[in-house]
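First up is the structure itself, then whatever we jot down about it.
Bear in mind these aren't lab numbers, they're just calculated from the coordinates by the rules spelled out. In this text the structure is predicted, and so the values were computed from the model without any measurement. Virtual Cβ from ideal backbone geometry, glycine too; neighbours counted across all protein chains shown.
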Amino acid sequence: MGCPVLLVAAPASGQGKTTVTAALAHMLHARGKRVQVFKCGPDFLDPGWLAAASGQPVDNLDLAMCGVADVQRRLARATQNNDVVLIEGVMGLYDGTRSAADLAQRWNLPILLVIDASAMAETFGALAFGLSRYRPGMRIAGVLANRVAGERHGDMLRASMTTDVPWLGQVMRQPKGESPIPSRHLGLVSPDELEDAQARLTQMAQALAQTELGRMAWSEWQERWSVTIPEPDAAPDAPSALLAGTRIAIARDAAFRFIYPANIAFLREQGAELRFFAPLDGDALPECDALWLPGGYPELHAQQLAALAPLAQQIRAHWHAGKPIWAECGGMLALMQQIDWPATAQRAALLGVVDGTVTQHERLRGLGLQAWQSAHGTLRGHGFHYSSCETSLPVLAHTRRLLDEQTCDPASQLECIYASGSLKASYFHAWFPSHPQAAARLFLPDARAD
């Protein structure tokens with residue numbers, strides 16, 4: 001038994017995919033539908049808005065990072081247990097070697113095209129026609145015009161459409177200089193940082209409710225866009241209870257917020273006991289066997305982190321006692337001594353647990369899917385950061401560029417994997433389910449791991 005599915009795609013980034021997907025999720029959720037949303041590709045920020053809109057955690061879907069079976073399993077369970085499934089695409093519909101189009105075509109998913117019409121008129125129809133015909137066999141649900149200037153502009157856009165591409169309505173543009181969802185250097189501002197986040201979602205949903213898509217009867221959704229996806233065959237050697245009895249402390253607050261829900265689910269499925277704590281609120285390190293410092297925004301909270309001398313001492317004692325630490329991207333940076341902002345001539349202290357200096361840059365310094373071929377198996381994931389790091393920590397390995405689910409570029413050398421005693425740290429964001437045994441080893445002491 002399936003349910004309606006829409007993959008929200010666009011010609012390029014910046015067209016309004018996140019806004020439309022969040023508005024759609026919020027509208028349907030408010031109408032009493034159980035909505036599950038996914039995000040194509042690695043991303044921590046868009047899923048925050050999609051989760052706030054739908055009321056459910058949002059997982060990522062990527063044919064290389066997650067793997068085909070993982071994606072199919074998540075989609076199958078979502079279509080079995082929800083009224084509707086929404087998937088926000090990544091970049092343009094056909095961009096990348098594992099594009100949103102590849103995902104849609106593999107499982108025959110209906111595609112809602114969102115096109116920013118703010119700088120065009122009749123060309124809108126040509127663009128919609130080209131997107132729908134570029135690759136044969138695509139299941140196009142229809143086209144939604146975004147950032148429309150007015151009713152006359154909308155009429156011109158609709159008149160430019162060919163009859164074989166359904167018109168699903170128009171969303172008017174915001175006043176100049178305003179955005180429904182603000183952003184900063186790493187992407188969107190998280191909804192929990194805005195007091196009016198729910199009001200913004202409601203306003204976005206109300207605008208979408210006025211479109212043909214928003215006024216469509218639920219029975220028509222079911223008739224047009226229902227999808228049934230079977231569960232993949234279970235892996236015969238699927239591991240279980242790899243972390244049974246292991247107490248893992250996880251930092252989670254405004255400085256440590258980049259956490260895949262799938263990674264949390266993985267740790268629990270493997271038997272770990274999770275103990276969350278908020279360093280910025282003054283929480284001490286919980287009693288634990290292992291520590292995970294996830295990515296986030298340590299650069300925005302350096303002054304507060306530098307004041308946490310007791311926590312720094314607790315982390316140092318944990319490390320020197322031989323207890324595992326996995327410090328991931330921002331979590332690694334938080335452990336360093338200081339951060340420099342050359343563009344503003346600013347310098348600030350950090351936790352100071354390890355020797356190292358972070359430099360914040362104006363341009364990206366690391367981006368893309370990659371994998372760590374560890375001694376225990378290959379963990380897949382990604383990197384995305386604007387900073388660089390100089391540290392005396394020894395380099396254990398480097399990640400490699402991920403070409404597909406099974407293949408890395410052997411000539412590439414991307415992020416360092418630092419290791420010192422029981423501490424491992426890197427800019428690399430790992431997708432734990434990609435290799436359960438390798439992921440579990442991050443949280444097990446050497447004696448037990450062997």
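Annotations
- The mean sequence separation of alpha-carbon pairs under 8 Å and at least six residues apart, normalised by the residue count of the chain, gives a relative contact order of 14 percent.
- Vicinal HN-Hα couplings computed from phi for the stretch 109-116 (Karplus, 6.51 cos²θ - 1.76 cosθ + 1.60; Hz; Gly/Pro x): 8, x, 10, 9, 8, 10, 10, 6
- Relative to the longest principal axis of the Cα atoms of the chain, the long axis of helix 197-209 makes an angle of roughly 20 degrees.
- Degrees, to the nearest 10: 123-133 long Cα axis against longest axis of the chain: 70 degrees
- Inter-centroid distance (Cα atoms) of the stretch 251-285 relative to the stretch 379-418, Å: 23 Å
- Exposed loop sites here are GluC sites (Glu not before Pro) assigned a DSSP state other than H, G, I, E or B and surrounded by at most 10 other beta carbons within 10 Å; excluding them, the longest clear run of the chain is 1-177.
- Around residue 151: net Lys/Arg minus Asp/Glu count, Cβ-Cβ under 13 Å: +2
- Shape class of the stretch 276-319 from the Cα gyration tensor (axes a ≥ b ≥ c, square roots of the eigenvalues): prolate, since a/c reaches 1.5 or more and a/b is larger than b/c.
- Each of 74, 401, 347 was scored by other Cβ atoms within 10 Å of its Cβ. Arranged with the fewest first, they read 347, 401, 74.
- Residues 111, 140, sorted so that the one with the fewest Cβ neighbours within 10 Å comes first: 140, 111
- Distances between placed amide hydrogens fall under 5 Å for residue 408 paired with 403, all partners being 5 or more residues away or on another chain.
- Close amide-amide hydrogen proximity is noted between residue 8 and 87, 88, 89, 112, each under 5 Å apart and 5 or more residues distant or on a separate chain (H modeled in the peptide plane; Pro and chain starts excluded).
- Taking amide H as placed 1.01 Å from N in the peptide plane, residue 386 has its amide H under 5 Å from the amide H of 365, each at least 5 places away in sequence or on another chain.
- Footprinting exposure proxy for 389, 329 (fewest neighbouring C-beta atoms within 10 Å first): 389, 329
- 3J(HN,Hα) couplings calculated from phi for the stretch 137-147 with the Karplus curve 6.51 cos²θ - 1.76 cosθ + 1.60 (θ = phi - 60°) are, in sequence order, x, 6, 9, 8, 6, x, 10, 10, 7, 10, 6 Hz; Gly and Pro show x.
- The helix-based estimate of mean residue ellipticity at 222 nm for the chain, built from -39,500 (n - 2.57) per DSSP H run of four or more residues and divided by its residue count, is -8000 deg cm²/dmol to the nearest 500.
- Most mobile of 374, 219, 434 in a GNM of the chain (Cα contacts under 10 Å): 219
- Applying Stokes-Einstein at 25 °C and 0.890 mPa s to the Kirkwood radius of the stretch 300-428, computed over alpha-carbon pairs, gives a translational diffusion coefficient of 159 µm² s⁻¹.
- Based on Cα contacts under 8 Å between residues 6+ apart, the stretch 303-381 shows a relative contact order of 26 percent.
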